[in-house]
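The values are calculated or read from the model by the stated rules, or taken from the named source; none is laboratory data. In this text, all values refer to a predicted model and were calculated from it rather than measured experimentally. Ideal geometry is used to build each Cβ from the backbone, glycine not excepted, and the neighbour counts take in all protein chains shown.
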Amino acid sequence: MVKGTIVDTPDDVGQIVEVRQADGGPPYRVRWLRNDHEALVFPGPDAHVVTAADKLKAESRERSRIAELQQAIARQPHASGA
């Protein structure tokens, strides 16, 4: 993911489809999710490179957090319209 550098600009999210260095370092061939464009990328300080496993863990935590919030809301007494 590359953070947007302009306010209200969405982050760019891509998938590394090729690692060219034996040590796993950049450059990476990345397929950008918003348009399927592939490019050779040298990640800068605004980039976050995460493994597929880390991404799955983060998504699982987010789903759990949302489920907990939904359960908390469902437990709240409903206000009756008077």
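Looking only at residues in region 55-82 that are hydrophobic (A, V, I, L, M, F, W, C) and outside any helix (DSSP H, G or I), the one that is surrounded by the fewest Cβ atoms within 10 Å (Cβ to Cβ) is 82.
Residues checked against (1) of a type outside the set (S, T, N, Q); (2) surrounded by 10 or more Cβ atoms within 10 Å (Cβ to Cβ); (3) modelled with pLDDT of 85 or more:
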site	(1), (2), (3)
1	yes, yes, no
6	yes, no, no
19	yes, yes, yes
25	yes, yes, yes
29	yes, yes, yes
33	yes, yes, yes
39	yes, yes, yes
49	yes, yes, no
53	yes, no, yes
